[in-house]
Structures are given as C-alpha cells and as structure tokens.
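Visitor: Here it is, the structure, as structure tokens.
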Amino acid sequence: MSGEKKARITITVDPDVVEYAEHLVSSGKALSVAAVFNDAIAAKRINDQRALALLRDRARRADPDRVARMMRHVNRQLTEQGFPAASGE
C-alpha cells in the first residue's frame, strides 16, 4: 500500500460480491470492505503487469520473419472481411 492519501470513489457491485466482502470483514480476514476491494484491484494490477512483462519478453524473442508471415496472413483476413489492416505495433 502506498503512503498517499486515499481517494474516495463510489462503485456499484453485485450483491453476492458485497456479501462476500462483508463476510471477509466479519470473519477477520479483512479490515474493511474498502480494503477488500483495494486488495483485489492491487492484485489484479500486479497480475496484469506480470502478464504484460511476459508478453513483452516473448515479443523480444520472437522470430521477425515468422511474425511478418503471420501479420501478412492476419492482414489478408482483415481486408477480406472489410476491416483495415493491423498496424505493425
């Protein structure tokens, strides 16, 4: 957790999710419902960052000729379906 001042937000969640968050608080597994949501989003952020790092690592090790062949194939399919060709990101 950061030492920064927390921001207040308003969210709408499914009743079963609220029930579970409240269960975690009442059973002593979380300090508050806000902490449950904060921890869940923090965990998702970490997971997303790891997934992006793995993707970038794989992209660095990719065979450029194979990627070019695959992109030509994808772009051919896109244009056949009336979509613009993908950029070379």
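Visitor: Report, to the nearest 10°, how far helix 15-26 tilts away from the longest principal axis of the Cα atoms in the chain, using its own Cα long axis and a range of 0 to 90°.
Guide: Roughly 50 degrees between the two axes.
Visitor: Tell me the Kirkwood radius of the chain: reciprocal of the mean inverse pair distance over distinct alpha-carbon atoms, in Å. Show your work: numbers first, answer last.
Guide: Details: mean 1/r = 0.0572 Å⁻¹.
For the chain, inverting the mean 1/r across all distinct Cα pairs yields 17.5 Å.
Visitor: Taking 0.36 nm per intervening residue step and subtracting the Cα-Cα distance, what contour gain separates residue 25 from residue 13 on full extension?
Guide: 2.7 nm is the gain from fully extending residue 25 to residue 13.
Visitor: In nanometres, what is the gap between the two model label sites at residue 57 and residue 73, each 7 Å from Cα along Cα-to-Cβ?
Guide: 2.6 nm
Visitor: Residue by residue through the stretch 5-12, what is 3J(HN,Hα) from phi via Karplus (6.51 cos²θ - 1.76 cosθ + 1.60, θ = phi - 60°)? Round to whole Hz and write x for glycine and proline.
Guide: 5, 6, 9, 8, 10, 10, 10, 10
Visitor: Another one. Angle, helix 64-80 long axis vs. longest principal axis of the chain, Cα atoms, 0 to 90°, nearest 10?
Guide: That helix lies at roughly 90 degrees to the long axis.
Throughout, read-outs are computed from the coordinates displayed, never taken from laboratory work. Every value quoted in this text rests on a predicted model; they were computed, and no experiment measured them. Here the Cβ is made from the backbone with ideal geometry for all residues, glycine too, and neighbour counts use every protein chain on show.
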